[in-house]
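Engineer: Here's a structure for you.
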Amino acid sequence: MTDYGNKRTIVGAHYGMRDWLSQRVTAILMVLFTIALIAQVLLKHGPLGYDLWAGIFAAQWMKFLTFVVILALAYHAWVGMRNIWMDYIKPVGLRLVLEVFTIVWLLGCVGWGTQVLWRL
Amino acid sequence: MTDTAKKRPEFRNINAFKDLTTYRMTAAAWTSILHRASGAVMFLLLPLVIWFFDTSVSSEVSFERFTSAFSSGLGIVPGWLLKLVSLGLIWGYLHHMFAGIRHLIMDIDHHAVNNQFGKTSGLTAIGLAIVLTLLLGARLFGLY
């Protein structure tokens, strides 16, 4: 990107493509996770109790996938929620407060979810 | 020119009650706003989802607490309300996913970006989410 001369970029923050693409990549990851989870619930033998349910998440590959999906979900939700605030909330002060709340809310959930996962 | 051209209504400050109610909401418009609404609801209820995850996988004792929350309630929240909120989350997840897959199809295949596909795929996303929610809801509330 040129930032000098008469061809310099003078408009836009240029995060549009990054947000658009990351929201789609994270969405596909979550769909794959959903399919993997439903498939295991349906295909595993035995009654759907604690052992079967916790056993699904105890497998190392599932921990791997779940951890990535927790991060993907947070990033996906951040892009989406920020879009909502940018569309409807015009006073910058209030928008900043809501954006900070969004980040705090999501980071807290990422920490909690990861903690649960690592204990398994 | 100015005589024949009909003056189009111009909205500078949209009133939620006076202006929004006059919008003609097409199937694509419903899919879109429900996509956004379901996303916002899931964001707000994310701690509840993590609580479900935490209690359901952490130990057999917590798993017991997880299942009993739906039958005998959780604190001041009665079990049926928790079931209803969960069903709302289930609908939100399904609608958001189907509407999202619809977006991906439109991203990949630009022939899909037209009024007809917008309508049929929108109705498909809305319909699939509602039908699956009703089926899972019947199971959740013990109808089968």
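The values are calculated or read from the model by the stated rules, or taken from the named source; none is laboratory data. Every value quoted in this text rests on a predicted model; they were computed, and no experiment measured them. Cβ atoms come from the backbone with ideal geometry, glycine included; neighbour counts cover every protein chain shown. Accessible surface is based on the protein model in full, side chains and every heavy atom, while ligands, DNA and RNA are left aside. Shrake-Rupley method; radii C 1.70, N 1.55, O 1.52, S 1.80 Å.
Engineer: Are any residues in the range A:90-120 open to solvent by less than 30 Å² (accessible area, probe 1.4 Å) and either under 23 Å from B:Ile33 (Cα atoms) or more than 11 Å from every other protein chain (Cβ to nearest Cβ) (or both), and if so, which ones?
Structural biologist: If the condition is that a residue be open to solvent by less than 30 Å² (accessible area, probe 1.4 Å) and either under 23 Å from B:Ile33 (Cα atoms) or more than 11 Å from every other protein chain (Cβ to nearest Cβ) (or both), then A:Thr102, A:Leu106 are the ones that fit.
Engineer: Now for a different question. Kindly list, by first and then second residue, each pair from a residue in the range A:13-38 that is more than 11 Å from chain B (Cβ to nearest Cβ) and free of Cβ contacts under 8 Å to residues at least 24 places away in the same chain to a residue that is outside any helix (DSSP H, G or I) and not small (Gly, Ala, Ser), limited to pairs with Cβ atoms under 9 Å and residues at least 6 apart or on different chains.
Structural biologist: Cβ pairs passing all conditions: A:His14/A:Met1.
Engineer: Consider A:Ile84 carefully, then state whether it is within 11 Å of chain B (Cβ to nearest Cβ), closer than 27 Å to B:Ser62 by Cβ and either touching a Ser or Thr at 6+ places or on another chain (Cβ under 7 Å) or buried (at least 16 other Cβ atoms within 10 Å of the Cβ) (or both).
Structural biologist: no
Engineer: If B:Val113 satisfies all but one of (1) exposed (fewer than 13 other Cβ atoms within 10 Å of the Cβ); (2) in contact with a Lys or Arg (Cβ under 8 Å, 6 or more places away or on another chain), what's the number of the condition it fails?
Structural biologist: For B:Val113, the failing item is (2).
Engineer: Next up: Being out of contact with any helix residue (DSSP H, G or I) (no Cβ under 9 Å at 6 or more places or on another chain) and within 14 Å of chain A (Cβ to nearest Cβ) is the requirement here; does B:Ile33 meet it?
Structural biologist: So B:Ile33 passes the test.
Engineer: Looking at the range A:71-81 only, could you name the residues that are within 30 Å of A:Trp53 (Cβ to Cβ) and within 11 Å of chain B (Cβ to nearest Cβ)?
Structural biologist: Here is the first cut: in the range A:71-81, the ones within 30 Å of A:Trp53 (Cβ to Cβ) are A:71-78, A:80-81.
Correct list: A:Leu73, A:Ala74, A:His76, A:Ala77, A:Trp78, A:Gly80, A:Met81.
Engineer: So, in the range B:36-67, exactly how many residues are open to solvent by less than 40 Å² (accessible area, probe 1.4 Å), β-branched (Val, Ile, Thr) and either closer than 15 Å to B:His96 by Cα or at the interface with chain A (Cβ under 8 Å from one of its Cβ atoms) (or both)?
Structural biologist: 2
Engineer: Additional query: Determine the pairs where a residue that is more than 17 Å from B:Leu74 (Cβ to Cβ), located within the range B:39-59, has a partner that is at pLDDT below 95 with Cβ atoms under 7 Å apart, the partner being 6 or more residues away or on another chain.
Structural biologist: So the pair list comes out as B:Val57/A:Leu120.
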